[in-house]
1. Using a Cα-Cα cut-off of under 20 Å, which lysines could be cross-linked to Lys261, ignoring same-chain neighbours fewer than 8 residues away?
2. So what's the angle, to the nearest 10 degrees on a 0 to 90 scale, between helix 12-36 and the longest Cα principal axis of the chain?
3. Under a 1.4 Å probe, what is the accessible area of region 23-95 per residue, stated in Å²?
4. At a Förster distance of 56 Å, what's the computed FRET efficiency of Thr501 paired with Ile575, Cβ-Cβ distance as r, to 0.05?
5. How big is the shadow of the Cα convex hull of region 502-558, averaged over all directions, in nm²?
6. Considering every Cα-Cα pair within region 41-163, what fraction, in whole percent, is farther apart than 18 Å?
7. Tell me, what % of the accessible area of region 67-133 is carbon and sulfur with a 1.4 angstrom probe?
8. Using only the alpha-carbon atoms, what does region 153-262 span along each of its principal axes? Please give whole angstrom values in decreasing order.
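The values are calculated or read from the model by the stated rules, or taken from the named source; none is laboratory data. Just so we're clear, the structure is a prediction, and the values are computed from it rather than from any experiment. Using ideal geometry, Cβ is built from the backbone for each residue, glycine included, and neighbour counts are taken over all protein chains shown. Each accessible area value is taken on the protein alone, full model and side chains, heavy atoms only, with ligands, DNA and RNA left out. Shrake-Rupley method; radii C 1.70, N 1.55, O 1.52, S 1.80 Å.
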Amino acid sequence: MANKDVRNRIDPIQFEVVRSALTQVTEEMAAALRRSAYSTNVKTRQDFSCAFFDRDCKPISQAFTQPVHLGSFVELIPTSVEAYGAENLNPGDMLVVNNPFGGGSHLNDVTVFGPVHHEGKLIGYVASLAHHVDVGGGAPASIGPFQEIFQEGVIITPVKLVRQGKINEDIFKLLLAQIRSKRVTAGDFRAQIAANTVGSRRLTELVSKYGLNDFDRYVTAVIDYTDRRTRAEISDIPDGIYESESFLDFDGFTENIVNLKTKITVEGETVYFDFDGCDPQRRAPVNSTKAMTFSACAYALRALMAPDLPVNDGFYRHVRMNAKPGTVVHALHPAPVVGGWETQVRVNDMLFRAFAPGMPQKIASSTKAMMAQAGFGIIDQVTGEYHCNYEALAGGYGARETSDGPDAVQQHGQNTENAPVEEVESHFPIRVSQLSLIEDSEGPGKFRGGLGMRRDYHFPDDAATFTVLSDRDIAGPKGIFGGMAGRKAYYILNPDDPERTKTELSSKCVIELKPGDTVSFQTPGGGGYGSPLERDPKRVLEDVILGKINIERARECYGVIIDNRTNTVDEASTIRSRKQMIKSRSSN
């Protein structure tokens, strides 16, 4: 049946009801997962996503807890169903999978999904993806500078975790045997199963209410509606070729930067992302899977569109991408991919910088553009339990055409929350000895970048293994349209203890800590937008008063002279200072 004929038979009110109900199904799945999860990373930081697919494995609705998971779902579910065989899935069954080279991302992102049936007929599939705090491998939290996928943890091709509504205990025990944090991981798996059960129940209620034929018609109508709106949104992007380059500072093993390059072609209703020119994949933890890179493209395109545009197959069919196999943006087996998200978010930042000349009003300056992953493992001497914790820390967001970048937030498709100090300290035998914004870390500009964040992990009584998997330890996020770069990242062992040696760590390392050691994780600030000499002096004064920058930085970067006795701007001196700085810069 042609899409036009379907639209002619659609009641607009019922269409909106069904469209909202489909979204609500996945949102309720997300709520169930969060409320029943065990790990801080899932229940508090919300490092998970949920989705519904039709019987042809087309994405219909998603709960966007983590937009970085966009592409993984889209490729992983069809690939897994084909590999396992839809005919081998019965009502109440669920598969578990994390295979990076079968549509997945890194091994920590584990997907549980299963079919939904109504009166013996397949409706579609519900899926939940969660970042597990440990999946085995060479370091606690399963992150670190590894050189092949086998060192990163347990690799799960599609296997049946749940059979007719009951957990397959043999498979469950086999998985947990590879994992350090068994209690927490088992709880998170059960939470994913619960989320899928909720989604399945709500979908069968919808089909019972409208009937399978009408349900299918409205699902088709939702996809068609999204397709038409997506075409219209793409048409609003100025035609042309948009290009940009970027790099990762350190791959974890060599001193060679990781080069990234993109060319985006916009013509009419077509957008094509080309990554020809990116480096070959490395024996280092910086390789992005095809699905990760697809997620970057999907997010960048979606961010340029109206906020109420649905995201389903009608949108994804317009995300066209060329990422050469065997490169850092389309890694092949057995490449390590644990740090692929570091590359993915840098790709996202690069895509926005490419679009900037054509759409300056929509594009922000560079953000922290790294996942900023920190993990540790520690054995509780009281209970004997092996604890693992994982966090991805916030940093400065880039400034925009009309406003400063937010301080200490996640960026682009990374939507996790900062883990509360109280929760971390109540679950693990550690202390968060400092949590603060970093003064003078902003990228100066007419509108400044957001400030980076400092989070110090102190281990008072127990030895531990700590992992840093991050970047930005050579250069901070760039400014745009005359804006300056933000402060780079720092990773420091024992930064303030006079009795212990202060050591600057690399952005990708695993270290063994002694009782009393502290690791300081300091994220970068966002890039500035526009010349800092055009910034309103009153805004500079406000930043000084709030402790975000100091008086010397106000003078050196912004040309603003502040009287520290009265906390006021010396307007005459500021005018002279800025004139001298403009003259000096023009002569150079």
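1. Once the sequence-local lysines are set aside, what remains near Lys261 is Lys290, Lys324, Lys368, Lys478.
2. 70 degrees
3. The answer is 34 Å² per residue.
4. So the FRET efficiency works out to roughly 0.70.
5. 6.3 nm²
6. When every Cα pair of region 41-163 is considered, 51 percent fall beyond 18 Å.
7. About 47 percent, which is the carbon plus sulfur part of the accessible surface.
8. 52, 51, 20
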